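Since the structure comes first, as structure tokens, the remarks are kept for the end.
Each value in this text was obtained by applying a stated rule to the coordinates, not by laboratory testing. A quick note: this is a predicted structure, and the numbers were derived from the prediction, not measured. In this analysis, Cβ positions are derived from the backbone assuming ideal geometry, glycine residues included, and neighbour counts consider all displayed protein chains.
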């Protein structure tokens, strides 16, 4: 059987028609993982035993006449920064090796109640700090489209798992683009919801004012389907918004005539790959044919987004990551002479280089004498960046941009130069600073058969609009649906 | 890069605040990298932000508080389950002073 190739909504249809069982779905997914994950390395840990147990339970309930759940039997992969009860959760870090959370994140409870089956935890840049998944303490994930390239990051394992048909749905987290950029590099759909739309309870914090959990899926319908399950207020997260959640599936069905699209001119300047630019321009023509009105718009503070983001994110990270001290969980260096040296040695051995770099930067930016010049300054510029978007949204319903300036780059290409690596998030970061929603979906391929991502940015809490626009694009763009052919480097050499 | 924004001595001081320790080579590397990153961040000084209010949280919401009532919480066993350094129901650490 080749169930793994299907979308989640197609598999659910088969399940409801009693053409497949949850057990068969999970069996097929693990067979696929066994076949390709040795090459892709999307997963850190598999939840095999528990997954089959759940599948059996779902099948029995359905056989006994219970109504099928909305995600019955759907194999879901979870980024390893989201707490899963009794399942090891490491954040891609040595400092949390062996940590088994005593509770589930709210999104995990919601997915399980909907019948989804957690099949495993996916690889990521340590504590979500990175854009390539190369910063994982457990080795990099490979891009299924080209195993010599990165899958993007930090949710690289989640995006690669979906692209390689190792999961129907994955959850990632997006602090500066960590759902959208890997979705773009791997040719799948990734949504960052509005800040406050999805509960962060049980999401291990990196930068609390920016982090959001978002789905990574094979198509827009699956994205809407997942949002229907995970969105909504949670009184365990004080920043979660107490607002009604619309039915995202039904909002996809409407057209986009007369929708007003702004195209920010600052996103098409130096650094953008010519093939990416061409693909976006082609996409804009599709929107035009569908009846949308397109105009150029200016977001004048765009160029300040990157320094603003790195100051805010690192400052918040330095505070959030103070909790890793070896006392209550995770790694601890033994035989230390006193408590202070235990803290220092545990943290120095437990954290990787990028995490230490960001803790240092954030600690410096918050330290006495520098707070006003760096952190407060960045928070003020953040206001200006937000205002750029609110002004644009007075006139336009959505904004359309590339997701990343280039397609997937090669492993080791940018790892030595932090600033160059940071630049791959230049189009996604402003969205997090403004707290607004954005989706990335495929809009073509470059000459090397690498996917190119299109980003659609919406007004706060208007996920339904960007999903509707994305769905209309997906249905009408006439881009050939390609799947990655996962071949080992050796196979490739033989073929040449 | 013309001037040093952060010196090696300051890197050592910040490392102490952050409870991290580095060898000489790492200190040199961090001093160099943090300088180039901070140099890039100087870009923000191009904007006059004197009259701008800072943004701490993006979505303005009233501070929501839960009702002050007792609900089930994790058991002591669960709380202690992620470390082997436990004694008589407490977390055990090396001597403090």
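Structure data summary
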read-out	value
Neighbour-count ranking [beta-carbon atoms within 10 angstrom, fewest first] of A:169, A:280, A:213	A:280, A:169, A:213
Value of [θ]222 nm, deg cm²/dmol, for chain A, DSSP H segments ≥ 4, -39500 (n - 2.57) each, nearest 500	-12000 deg cm²/dmol
Rounded Å value of the spacing that divides the Cα centres of segment A:317-387 and segment A:409-433	21
Percent RCO, i.e. relative contact order, over chain A, from Cα pairs under 8 Å lying at least 6 residues apart	17
Rough spin-label spacing in nm, given labels placed 7 Å along Cα→Cβ, for residue B:13 and residue A:391	3.9
DSSP bridge orientation in the protein assembly as shown - percent antiparallel, rounded to nearest 5	70
Segment B:1-63 versus segment A:60-88: alpha-carbon centroid distance in Å	43
Virtual spin-label span in nm between residue B:52 and residue A:242, 7 Å along Cα→Cβ	3.2
Label point 7 Å beyond Cα of residue A:293 along Cβ direction - residues of segment A:385-405 with amide nitrogen under 18 Å	A:391-400
Inter-chain Cβ neighbour average for residues A:340-346, partner chain, 10 Å	4
Efficiency of FRET between residue A:285 and residue A:66 - r from beta-carbon atoms, R0 45 angstrom, step 0.05	0.40
Burial ranking of peptide ranges A:431-442, A:254-265 (average Cβ count within 10 Å, highest at the top)	A:431-442, A:254-265
Ellipsoid equivalent to segment A:302-385 - semi-axes via the Cα gyration tensor, in Å	31, 12, 9
Within segment A:215-231, backbone nitrogen closer than 16 Å to the virtual label 7 Å beyond the Cα of residue A:475 toward Cβ	A:219-225
Angle between chain B longest axis and helix B:24-41 axis [Cα atoms, degrees, rounded to 10]	70
Packing-based order for A:151-158, A:472-479, using average beta carbon neighbours within 10 Å, highest first	A:151-158, A:472-479
Footprinting exposure proxy for A:388, B:39 (fewest neighbouring C-beta atoms within 10 Å first)	B:39, A:388
Relative contact order %, segment A:302-385, counting alpha carbon pairs below 8 Å whose residues are six or more apart	45
Alpha carbon centroid spacing (whole Å) that separates segment A:204-220 from segment B:68-97	30
Estimated FRET transfer efficiency (residue A:353, residue A:208; beta-carbon r; R0 25 Å; 0.05)	0.65
Expected 222 nm ellipticity per residue - DSSP helices of 4 or more, -39500 (n - 2.57), all of chain B, to 500	-10000 deg cm²/dmol
Relative exposure of A:351, A:127, judged by other C-beta atoms within 10 Å (fewest first)	A:351, A:127
Cα-based equivalent ellipsoid, chain A: semi-axes from gyration tensor eigenvalues, Å	31, 30, 22
